[in-house]
Amino acid sequence: MREQEIIDLLLRHNEHGMEALLQYYGPLLRYMIASILPDPQDQEDCLSEVLMRVWDKIEQFDRSRGSWNAWLTALARNAALNRARKAQAASCTQTLPENSASAEPTPEEIVIRREREERLRHAFMLLSSKERMLIYRKYYYLQSTAQIARELGTTERAVEGKLYRIKKRLRKMLGGDGHV
């Protein structure tokens, strides 16, 4: 079954679309989730949550904003990160005093962050596609160095060295302000 057929079934809220989604994209979604959530039960719960989000939000998929795979992996990544954050927050029982500073950024901080993000986006696009994918795998998909090395058929040390050189080059492109 082709990608567009699955999307069309999901848009019509046809249950065969969910079956096809799980059959064809389940391994990709599980792969994304497993790199963030180590517990198998959490992984399965998260996968169920992702499938429900796809079902509920399929109308929001816009091919002009990104590919189907990118949309699915972003949903899986975000759901897994949210689940991991909730678990971490539940384990932290410490409360903040009432007079603590607001965690909200100031308008100046927002402008500075946007400028940095734009500079980083530009520098990132100057990297080769292999370098970008390595950065994505490590820092966006949160894969371990061991997993990346295993899947690329290289050593962890080689992956760490490549990441170090890429980050060093990005720092140089960004003016050496250390925000990479």
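The values are calculated or read from the model by the stated rules, or taken from the named source; none is laboratory data. The structure displayed is predicted, hence computed values, not measured ones. All Cβ positions, glycine included, derive from the backbone under ideal geometry; neighbour counts span all protein chains shown.
Out of curiosity, is GLN94 under 20 Å from the mean Cα position of the chain (by Cα), outside any helix (DSSP H, G or I), within 30 Å of PRO38 (Cβ to Cβ) and modelled with pLDDT under 90?
Answer is no for this residue.
Within the range 61-91, can you find the residues that are modelled with pLDDT under 85, under 19 Å from the mean Cα position of the chain (by Cα) and of a type in the set (A, V, I, L, M)?
ALA87
Got a sec? Which of LEU174, LEU120 is at pLDDT below 90 and touching a His at 6+ places or on another chain (Cβ under 8 Å)?
That would be LEU120, the only listed residue that is at pLDDT below 90 and touching a His at 6+ places or on another chain (Cβ under 8 Å).
Within the range 133-168, which residues are in contact (Cβ under 8 Å) with a residue 40 or more places away in the chain and not in a helix (DSSP H, G or I)?
Selection gives TYR141, LEU142, GLN143, SER144.
Being farther than 28 Å from ARG137 by Cα and assigned to a helix (DSSP H, G or I) is the filter here; which residues of the range 5-33 pass it?
Passing the criteria: GLU5, ASP8, LEU9, LEU10, LEU11, GLU15, HIS16, GLY17.
Does LEU22 satisfy being touching a Leu at 6+ places or on another chain (Cβ under 9 Å) and within 20 Å of GLN147 (Cβ to Cβ)?
Considered against the rule, which asks whether it is touching a Leu at 6+ places or on another chain (Cβ under 9 Å) and within 20 Å of GLN147 (Cβ to Cβ), LEU22 comes out as no.
Report the residue count in the range 104-161 for those that are surrounded by 13 or more Cβ atoms within 10 Å (Cβ to Cβ), over 15 Å from SER35 (Cβ atoms) and touching a Lys or Arg at 6+ places or on another chain (Cβ under 8 Å).
So the count comes out to 3.
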